[in-house]
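Below is one structure, written out as structure tokens; comments come after it.
Derivation of every value follows stated rules applied to the coordinates shown; laboratory data play no part. No experiment lies behind these values; they were computed from the predicted model shown. Every residue, glycine among them, receives a Cβ derived from its backbone with ideal geometry; neighbour counts consider all protein chains shown.
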Amino acid sequence: TGSVTKINTRATTISDWDRKEIIVPNKAFITEQFINWSLSDSVTRVVLTIPAPADANSEEVTEILLTAARRCSLVIDNPAPEVFLVDLQQGIQIFELRIYAAEMGHRMPLRHEIHQLILAGFHAHGIDMPFPPFQMRLESLNGKQTGRTLTSAGKGRQAGSL
């Protein structure tokens, strides 16, 4: 992904976000498929995957995400932001926040700003960012056989102990 900076008879130069110049033979524009992000409309969708703990109220998380989208200066109002609870994995709720940026150059600053707003919203509502649960099998400790299985502690649960 980048911006066209030069068009010559045989090749076109594209400058990417790392300021590297990519030289593309013009034949490639005829024989291969390209996506033009700004041909008729500069608006692009940004999809963020946001995890939440299993015990978090999904309606509350949805409202936190929508509030963050409304407060983010780089999210446009039309099309409206959308939030979906898309999956439940390893004791974690997975949400998708679908928002729109006015132009390609806003995508990364938008992601930065909205992630900060989401973290602040979670913090204000006492919601911790989840981490995947883990399980550890401890066969021996100091030469003694234990045969114990330890699991990670979640909110309201006690971790396994020896």
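Given a cut-off of under 8 Å on Cα pairs at least six residues apart, what relative contact order in percent is computed for the chain?
Numbers: 238 pairs, mean separation 28.7, N = 162.
Reported as a whole number, the value is 18 percent.
Please give the helix 107-124 orientation as an angle from the longest Cα principal axis of the chain, in degrees from 0 to 90, rounded to the nearest 10.
Taking the Cα atoms of the chain, the angle to 107-124 is about 30 degrees.
What is the order of Arg98, Arg10, Arg45, fewest Cβ neighbours within 10 Å to most?
Values: Arg98 16, Arg10 8, Arg45 11.
In order of increasing Cβ crowding within 10 Å: Arg10, Arg45, Arg98.
Arrange the following residues from fewest to most other Cβ atoms within 10 Å of their Cβ: Ser40, Ser15. Don't jump to the answer; show the numbers that get you there.
Numbers: Ser40 5, Ser15 14.
Fewest to most other Cβ atoms nearby, the residues stand as Ser40, Ser15.
In degrees, nearest 10, range 0 to 90: what is the angle between the Cα axis of helix 58-71 and the longest Cα principal axis of the chain?
Tilt relative to the chain: about 40 degrees.
Could you list Ile7, Ile92 so that the one with the fewest beta carbons within 10 Å of its beta carbon is first and the one with the most is last? Don't skip to the end; give the middle numbers.
Numbers: Ile7 9, Ile92 18.
Going from least to most buried by this count: Ile7, Ile92.
Given R₀ = 41 Å, FRET efficiency for Trp17-Gln89 by Cβ-Cβ distance, to 0.05? Provide the component values of the computation, followed by the final result.
On the way: r = 31 Å, r/R0 = 0.75.
Efficiency, rounded to the nearest 0.05: 0.85.
Which number do you get for Rg(Cα) / (2.2 N^0.38 Å) in region 5-135?
Working: Rg = 19.4 Å, N = 131, 2.2 N^0.38 = 14.0 Å.
Expressed relative to 2.2 N^0.38 Å, the Cα Rg reads 1.38.
Within 10 Å of each candidate Cβ there may be at most 13 other Cβ atoms; applying that plus a DSSP loop requirement, which GluC sites (Glu not before Pro) in region 1-75 survive?
Passing sites in region 1-75 are Glu32.
Can you give me the pair-distance distribution of region 12-62, C-alpha pairs, 5 Å bins, whole percents?
4, 12, 12, 16, 14, 8, 7, 9, 8, 7, 3
Would you tally the net charge around Ala69, using a Cβ to Cβ cut-off of less than 13 Å, leaving Ala69 out, and scoring K and R as +1, D and E as -1? Don't jump to the answer; show the numbers that get you there.
On the way: positive: Arg45, Arg70, Arg71, Arg98, Arg111; negative: Glu63, Asp77, Glu82, Glu96, Glu113.
After counting each charged neighbour, the total is 0.
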